[in-house]
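A short write-up of the structure that comes next.
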Amino acid sequence: MQKAGALALVLELVPAPLATRIAKQLEIPVIGIGAGPGCDGQVLVLHDLLGLTESFQARFVKRYATLSDEVRSAVRQYAAEVRDGSFPAAEHSFAE
């Protein structure tokens, strides 16, 4: 991949020892997602990081928050206010 002109490589669910070997052999950045700390950088899906989904959590995910209830509540409140006409109000509208 590097010889073909790749600017970076993403390794997802590659065993950590293998990912480390690959990262050490390449000059381009190797980004890991569940591939261990031996990569040059890490990716964590924002929805997983924030705990926006409840039904599935991959083994390599670290949740830094559990926001699914708060997001669901905010979306319900927004939808209710749009339906009842209280949003948008004048202060939420552009005026010249």
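The values are calculated or read from the model by the stated rules, or taken from the named source; none is laboratory data. Everything numeric here is computed off the predicted structure, so don't read it as measured data. Here the Cβ is made from the backbone with ideal geometry for all residues, glycine too, and neighbour counts use every protein chain on show.
Got at least one residue in region 23-32 being exposed (fewer than 14 other Cβ atoms within 10 Å of the Cβ), part of a helix (DSSP H, G or I) and modelled with pLDDT of 95 or more? Yes. With respect to the stated conditions, residue 72 fails to be of a type in the set (Lys, Arg), at pLDDT below 90 and within 20 Å of the chain's Cα centre (by Cα).
In the set (1) modelled with pLDDT of 95 or more; (2) under 25 Å from residue 65 (Cα atoms); (3) hydrophobic (A, V, I, L, M, F, W, C); (4) out of contact with any Gly (no Cβ under 8 Å at 6 or more places or on another chain), residue 45 fails one condition alone, (1).
Can you spot a residue in region 48-57 that is assigned to a helix (DSSP H, G or I) and of a type outside the set (Lys, Arg)?
Initial filter on region 48-57 (assigned to a helix (DSSP H, G or I)): 48-49.
Then keep just the ones that are of a type outside the set (Lys, Arg); that gives 48-49.
Within region 48-57 (the criterion being assigned to a helix (DSSP H, G or I) and of a type outside the set (Lys, Arg)), the answer is yes, since at least one residue qualifies.
Across region 58-96, what is the number of residues that are without any contact (Cβ under 8 Å) to a residue 40 or more places away in the chain and either loosely packed, with under 10 Cβ neighbours inside 10 Å or not in a helix (DSSP H, G or I) (or both)?
Just the residues of region 58-96 that are without any contact (Cβ under 8 Å) to a residue 40 or more places away in the chain, to begin with: 58-59, 61-96.
Pick out the ones that are also either loosely packed, with under 10 Cβ neighbours inside 10 Å or not in a helix (DSSP H, G or I) (or both) and you get 58-59, 61-67, 83-96.
Qualifying residue count, region 58-96: 23.
For region 32-58, the set of residues classified as under 24 Å from residue 5 (Cα atoms), in contact with a helix residue (DSSP H, G or I) (Cβ under 9 Å, 6 or more places away or on another chain) and not small (Gly, Ala, Ser) consists of 39, 40, listed by residue number.
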